[in-house]
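Asker: Dumping the structure here so I can ask a few things about it.
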Amino acid sequence: MASNFSPDQDMEGTLRRHFAAEADDLRAPTNLWESLEDRLEPHPAPNPVTRIRRKILAAAKQNWLPVMVTGGAVAVAASAVLVAGNLGQETSVAEKTVVVTEIQEVIKEVPVETVVTKEVIKEVPVETVVTREVIKEVPVEAVVEKVVTQEVIKEVVKEVEVLKEVPVERVVTQEVVVEKVVEKVVEVEKVVTKEVIVVKEAYSEAPAPAATVAPPPAASELYPAPTAQPADTTFQDYGRQPYVDTAEDAVSTFSLDTDRTSYQLALTWAQQGYDIEPDSVRAEEWINAFDYGYALPADDWGFAITSDLVAHPLDERKHLVRIGFQAAEVPDDRPLNVTLVLDASGSMGDGNRVDIARAAAEAIRQSLRPQDRVAVVHFTTDVIHHLTVDHRVPDDYSVESSIAQLAPHGSTNVQAGLNLGVQLANRARLDRPEAYNYVILMSDGVANVDATNPFAILESAYDRDAGNPLRLITVGVGITNYNDVLLEQLAQHGNGWYRYLDDPGQAQATFSRANWLALSTPFADQTRAQVTWDPDVVKSWRIIGYENRVTSDASFAEDRKEFAELPSGAATTVFYEVELHEGVLRGDDLTLGKVELRWVVPDTGQSRSQQVEVTGRDLGFGSAGVDPLLRLGGIVALAADRYSSLPRGADDGAAGVSSDLAILQEELEALAGPLGGLDAYQDFRFLLERMAERAYTEAPPEPRSGYSR
Amino acid sequence: MTDEQAVLRCQDGEREAFRHLVERYQDVLFGTAVLMTGDRAQAEEHVQEAFLAAWRGIQGFHSERPVKPWLVRILVNTVVSQRRRRGVSTVSLEYESEAEDAARPADEIEAQHERLAIRQALAGLNPEQRQVVVLRFFAGLTVPQLAEATGVREGTVKSRLHRALGQLRDQLTTGDAREAYGHGQ
């Protein structure tokens, strides 16, 4: 063979030469672009995330990473924040959070093999753009004191002799950059606070707020694959309370809670075919959604406190203790000042939210008495002034008309709405010191302008009159794009309570005149309880739910705003899981410890306290002597508690949750006889079925092998 | 303007930037299409379709990746899907050469003969073999790029190339592919 090459290589050479010779004959027609151009469709605007990704990557590629002199990390962080900030007011918190997350991802892709000196890192203004080449050549000490722009650097380069070497004190790694971005973003945007607001990832249906300027891209363009879950809802997992050894700590202190929103949300979700979010489950609100038929106290002075002990349906070594607090029903004809703060933002246009809010507002108006006064505030990006009505008699036409005109537009500035609401309410309070003062916020909680965190919002609407406080009631509407945390926390810290409504009929029923009269008559403010277990009887204990209501034992003595406000006739229930010492059970009534309740009387500001023993007689969970409603409550409490631990699961992991729920389903079936006729029983039965299904998909119960380990 | 800058600008909706890409790659796409189909009119249609698809899809393209293999892949898909839709069309062996009629000196006439021979040999390949040869030696794709463009494994690309080259060689030496193929040596 003449060639040193393989036959294939020879042939390759032949072909390459051949094609090179043919190239002239294979040229495209010169007018190709002209005929193509007309056929190009206009591009849809790229989504902001893509745009940011491109900008940063392009910057990196062009060697002028917006990095370097500032210590890289900070500058990238700042530009990320800038970009996120520039997304504008019409972009929701959730969307911004996604963008920020995206930026963090992007930054991981950016080559940050930058070297920065210590001096540089210290203090340099952020709006710096410097090329990599420049930085290698510039004596950094010379420029740190100035605002470094490209022009400045060029000047400096001209003047100063080129340094051979820049002292290398620190290498900025990608991790540092990402970390800085997170810090900066949190600090500057206040999008994500430590304590609150966890934004879930699903954005499929997030409706674009009807923006006044340029509408943001529809969420469906922005984010992939619609999920089967409501989009853009905010819940918080408050963790679980642990078992506590009584010998170490015998005292359990918590704020009471009459909310039942978590349960109503779950039921609504399940009825509409969604999975129940484990983070949305607050066991105490599930427990308190049910009426246990407690007897009213003998007089108006305080509460009827009852306790029960029953075997634990899931764990033969443990027991359940139920303590019920039933407030007295007191007639109260003090007048009311009511300020309705109505969310008229774009997100309220979703589904029937506006209809629900309108129905609730109208029901409240109709339930008010002639001595009451009502004001109306509509808010979007700002307050809608022409619809604002200051306090008037409830059947004033302007009030009715303002409520009727509630309609969605604009973005959401809860703070602006509350600010004005509080101003009006304050004025009314001064005019009529004898009245109770309610500010009622109706919203989906999707605040996206100004403060979006409940504490910031509360701060601006802070009420300093402890004697006759403003009571902030939050009424939540909507499923997708719903911020549970904001509304719950606003009410908890605003002397009020929180309700969730899912249709106009429910709105009318909740605020019917009879209900409204009870709900609007405060019975006990700042109500908290302290259980002290007898260490000789109770070996260990664990409170079910109340994760964000549990408070330090020391704070029990203090009257604090964040403790619960209970209306007249309200009932609250708490369940404990306890382990008793061996041998204490003798079939007699057993004293397990004591419970003390403290509260402030709304009318007088007087502090009160009431104490009883926690007693019970040990009975099997399914035995005939046990009140079916106690059993139902136990099942509800345990189901909510276990389910809320998904997807991790509690002690035995998700498989444990799955088998616990299966057992609870059987226990619930056993109650069909006495309770089957109740709507509440049937609703919960359906809910538990859905929960069990979900837990099963997470992890089926582990089959028993029959073998020892 | 680098390809990357052009892509970034296209992603912002700039048509001029796209024109830049079109003018840079139209020849290689057109040539590839002609060589694959043997039909200039069809080839032009394919190239137009491919560029339109590229414009539509450029939002999803990572600007740091090389543009040519991406465009070639789109073109290949366009050609192949057309072929499937229309059924296997007979590839005309003699795509007309625009410079054909020019007066030529003798050595050029010989060169012309060789070119025609190679064309003929190429036309004798099955479409898949012709495709790998064209993409490799005309469009200048690497084997991995070729694998991606044609959606087969690199090993398959290599063996196709090897067999195609063997067949071309046999045909060019014996002048009869059918005889040479499978009986070679």
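The values are calculated or read from the model by the stated rules, or taken from the named source; none is laboratory data. For clarity, every value in this text was computed on a predicted model and none was experimentally measured. Counting neighbours? That spans all protein chains shown, and the Cβs are built from the backbone with ideal geometry, glycine included. Only protein heavy atoms, including side chains, enter the accessible area calculation; ligands, DNA and RNA are left aside. Shrake-Rupley method; radii C 1.70, N 1.55, O 1.52, S 1.80 Å.
Asker: Is it true that A:GLU329 is out of contact with any Leu (no Cβ under 9 Å at 6 or more places or on another chain) and of a type in the set (Asp, Glu)? Lay out the reasoning, then the answer.
Answerer: Details: out of contact with any Leu (no Cβ under 9 Å at 6 or more places or on another chain): no; of a type in the set (Asp, Glu): yes.
No, not satisfied.
Asker: Moving on. Check A:GLU558, A:GLU579, A:GLU596 and return the single one that is acidic (Asp, Glu) and either closer than 21 Å to A:TYR294 by Cα or within 26 Å of the chain's Cα centre (by Cα) (or both). It would help to see each step written out before you state the result.
Answerer: Working: A:GLU558 fails: either closer than 21 Å to A:TYR294 by Cα or within 26 Å of the chain's Cα centre (by Cα) (or both); A:GLU579 fails: either closer than 21 Å to A:TYR294 by Cα or within 26 Å of the chain's Cα centre (by Cα) (or both).
Unique residue meeting the criteria: A:GLU596.
Asker: Let me ask another. Taking the options A:ALA639, A:ALA692, A:ALA654, name whichever one is at pLDDT 90 or above, outside the structural domain of A:PRO469 (by TED's automatic domain parsing), more than 26 Å from A:PRO567 (Cα to Cα) and part of a helix (DSSP H, G or I).
Answerer: Numbers: A:ALA692 fails: at pLDDT 90 or above; A:ALA654 fails: at pLDDT 90 or above.
One residue alone meets the criteria, A:ALA639.
Asker: Can we say B:GLY57 is part of a helix (DSSP H, G or I) and free of Cβ contacts under 8 Å to residues at least 60 places away in the same chain? Step through it out loud before you land on a result.
Answerer: On the way: part of a helix (DSSP H, G or I): yes; free of Cβ contacts under 8 Å to residues at least 60 places away in the same chain: yes.
So B:GLY57 fits the description; yes.
Asker: On to the next question. Any idea which of (1) modelled with pLDDT of 90 or more; (2) more than 18 Å from A:TYR438 (Cα to Cα); (3) open to solvent by 40 Å² or more (accessible area, probe 1.4 Å) is the one A:PRO313 doesn't satisfy?
Answerer: (3)
Asker: Same structure, new question: For residues that are out of contact with any Gly (no Cβ under 9 Å at 6 or more places or on another chain), under 25 Å from A:ARG429 (Cα atoms) and assigned to a loop (DSSP other than H, G, I, E, B), tally how many sit in the stretch A:300-339.
Answerer: 5
Here is a yes/no grid of residues against (1) open to solvent by 10 Å² or more (accessible area, probe 1.4 Å); (2) more than 15 Å from A:SER411 (Cα to Cα); (3) free of Cβ contacts under 8 Å to residues at least 60 places away in the same chain:
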residue: A:ARG334; (1), (2), (3): yes, yes, no
residue: A:GLY346; (1), (2), (3): yes, no, no
residue: A:GLY351; (1), (2), (3): yes, yes, no
residue: A:ILE356; (1), (2), (3): no, yes, no
residue: A:ALA361; (1), (2), (3): no, yes, no
residue: A:ILE364; (1), (2), (3): no, yes, no
residue: A:ARG369; (1), (2), (3): yes, yes, yes
residue: A:ARG373; (1), (2), (3): yes, yes, no
residue: A:VAL377; (1), (2), (3): no, yes, yes
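Asker: Which of the residues that make up the stretch B:4-20 are facing chain A (nearest Cβ under 10 Å), open to solvent by less than 10 Å² (accessible area, probe 1.4 Å) and hydrophobic (A, V, I, L, M, F, W, C)?
Answerer: B:VAL7, B:CYS10, B:PHE18
Asker: Can you work out which of the residues in the stretch B:42-55 that are more than 10 Å from every other protein chain (Cβ to nearest Cβ) and open to solvent by 10 Å² or more (accessible area, probe 1.4 Å) is farthest from B:LEU75 (Cα to Cα)?
Answerer: Within the stretch B:42-55, the match that is farthest from B:LEU75 (Cα to Cα) is B:GLN42.
Asker: Out of the stretch A:294-303, which residues are open to solvent by 20 Å² or more (accessible area, probe 1.4 Å) and at pLDDT 90 or above?
Answerer: A:TYR294, A:ALA295, A:LEU296, A:PRO297
Asker: Can we say B:VAL72 is more than 10 Å from chain A (Cβ to nearest Cβ), within 13 Å of the chain's Cα centre (by Cα) and crowded, with 20+ Cβ neighbours inside 10 Å? Please lay out each step first, then the result.
Answerer: Values: more than 10 Å from chain A (Cβ to nearest Cβ): yes; within 13 Å of the chain's Cα centre (by Cα): yes; crowded, with 20+ Cβ neighbours inside 10 Å: yes.
Yes.
Asker: Which residue pairs have Cβ atoms closer than 6 Å, lie 6 or more positions apart in sequence or on different chains, and pair a first residue in the stretch B:27-41 that is away from every other protein chain (no Cβ under 11 Å) with a second residue that is among the aliphatic types (A, V, I, L, M) and surrounded by fewer than 22 Cβ atoms within 10 Å (Cβ to Cβ)?
Answerer: So the pair list comes out as B:GLY38/B:VAL91.
Asker: Please find, within the stretch A:1-23, the residue that is farthest from the other protein chains (Cβ to nearest Cβ) out of those that are modelled with pLDDT of 85 or more and open to solvent by 90 Å² or more (accessible area, probe 1.4 Å).
Answerer: A:ARG17
A quick yes/no check of all residues on (1) modelled with pLDDT of 85 or more; (2) within 19 Å of B:MET36 (Cα to Cα); (3) open to solvent by 60 Å² or more (accessible area, probe 1.4 Å):
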site: B:ASP107; (1), (2), (3): no, no, yes
site: B:GLN131; (1), (2), (3): yes, yes, no
site: B:GLY151; (1), (2), (3): no, yes, yes
site: B:ASP170; (1), (2), (3): yes, no, no
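Asker: Now, a different point. In this structure, does A:ALA407 turn out to be part of a helix (DSSP H, G or I), aliphatic (A, V, I, L, M) and either surrounded by fewer than 21 Cβ atoms within 10 Å (Cβ to Cβ) or at pLDDT 75 or above (or both)? If you could, list the steps in order and put the result at the bottom.
Answerer: Details: part of a helix (DSSP H, G or I): no; aliphatic (A, V, I, L, M): yes; either surrounded by fewer than 21 Cβ atoms within 10 Å (Cβ to Cβ) or at pLDDT 75 or above (or both): yes.
No, not satisfied.
Asker: Being at pLDDT 85 or above and crowded, with 19+ Cβ neighbours inside 10 Å narrows it down to one residue among A:PHE290, A:PHE235; which is it?
Answerer: Details: A:PHE235 fails: at pLDDT 85 or above.
Criteria check complete, one pass: A:PHE290.
Asker: Sticking with this one: Does the stretch A:607-624 hold any residues that are surrounded by fewer than 15 Cβ atoms within 10 Å (Cβ to Cβ), more than 30 Å from A:ASP300 (Cα to Cα) and of a type outside the set (A, V, I, L, M), and which are they?
Answerer: Answer for the stretch A:607-624, where residues must be surrounded by fewer than 15 Cβ atoms within 10 Å (Cβ to Cβ), more than 30 Å from A:ASP300 (Cα to Cα) and of a type outside the set (A, V, I, L, M): A:GLY620, A:GLY622, A:SER623.
Asker: Given the conditions (1) more than 16 Å from A:PRO335 (Cβ to Cβ); (2) assigned to a loop (DSSP other than H, G, I, E, B), and given that A:GLU434 satisfies all but one, which numbered condition is not satisfied?
Answerer: Only one criterion in (1) more than 16 Å from A:PRO335 (Cβ to Cβ); (2) assigned to a loop (DSSP other than H, G, I, E, B) is unmet by A:GLU434, namely (1).
Asker: Okay, moving on. Does A:ALA344 meet the test of being in the same structural domain as A:ILE473 (by TED's automatic domain parsing), of a type outside the set (Ser, Thr, Tyr) and in contact with a His (Cβ under 6 Å, 6 or more places away or on another chain)? Give the steps one after another, and end with the answer.
Answerer: Working: in the same structural domain as A:ILE473 (by TED's automatic domain parsing): yes; of a type outside the set (Ser, Thr, Tyr): yes; in contact with a His (Cβ under 6 Å, 6 or more places away or on another chain): yes.
Yes: the conditions hold for A:ALA344.
Asker: While we're looking at this one, here's another question. Tell me which residues, restricted to the stretch B:114-123, are under 12 Å from B:GLY38 (Cα atoms) and either in contact with a helix residue (DSSP H, G or I) (Cβ under 6 Å, 6 or more places away or on another chain) or open to solvent by less than 20 Å² (accessible area, probe 1.4 Å) (or both).
Answerer: First, the residues of the stretch B:114-123 that are under 12 Å from B:GLY38 (Cα atoms): B:119-120, B:122-123.
B:ARG119, B:LEU122 - these are the residues of the stretch B:114-123 that are under 12 Å from B:GLY38 (Cα atoms) and either in contact with a helix residue (DSSP H, G or I) (Cβ under 6 Å, 6 or more places away or on another chain) or open to solvent by less than 20 Å² (accessible area, probe 1.4 Å) (or both).
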